[in-house]
Amino acid sequence: MAPKTAGPPIPLSSLLFALSLFAMLAVALVWLGIGSIQARCRARALPIFSWSWLVMGRLCLVMMAFLVPRCKRRACLRGAA
């Protein structure tokens with residue numbers, strides 16, 4: 001038997017928003033990558049773009065290091081109650 005999924009289905013509007021966001025990000029990265037290969041002026045934005053993603057990833061990692069233990073404690077307390 002297949003496991004049942006929990007929760008309601010994802011609304012189509014949320015799915016379309018996420019799809020459009022990733023599509024715009026893909027276009028921007030391809031555009032900057034082509035500009036980088038051709039050594040155009042817009043290629044200067046590529047390191048800024050890349051560093052911003054690196055910084056945001058590090059911030060998320062630090063936040064998760066603090067949030068995951070709290071969530072686990074709360075889940076254990078709910079399970080014991």
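Every condition in (1) at positive phi; (2) modelled with pLDDT of 75 or more holds for Gly7 except the one numbered (2). In the set (1) surrounded by 10 or more Cβ atoms within 10 Å (Cβ to Cβ); (2) modelled with pLDDT of 80 or more; (3) among the hydrophobic types (A, V, I, L, M, F, W, C), Ala45 fails one condition alone, (2). Assessment of region 29-42 against the conditions (of a type in the set (A, V, I, L, M), within 16 Å of the chain's Cα centre (by Cα) and at pLDDT 85 or above) yields no matching residue.
The values are calculated or read from the model by the stated rules, or taken from the named source; none is laboratory data. Because the structure is predicted, anything quoted here is derived from the model rather than measured. Methodologically, a virtual Cβ is constructed for each residue, glycine included, from the backbone with ideal geometry; neighbour enumeration extends over all protein chains shown.
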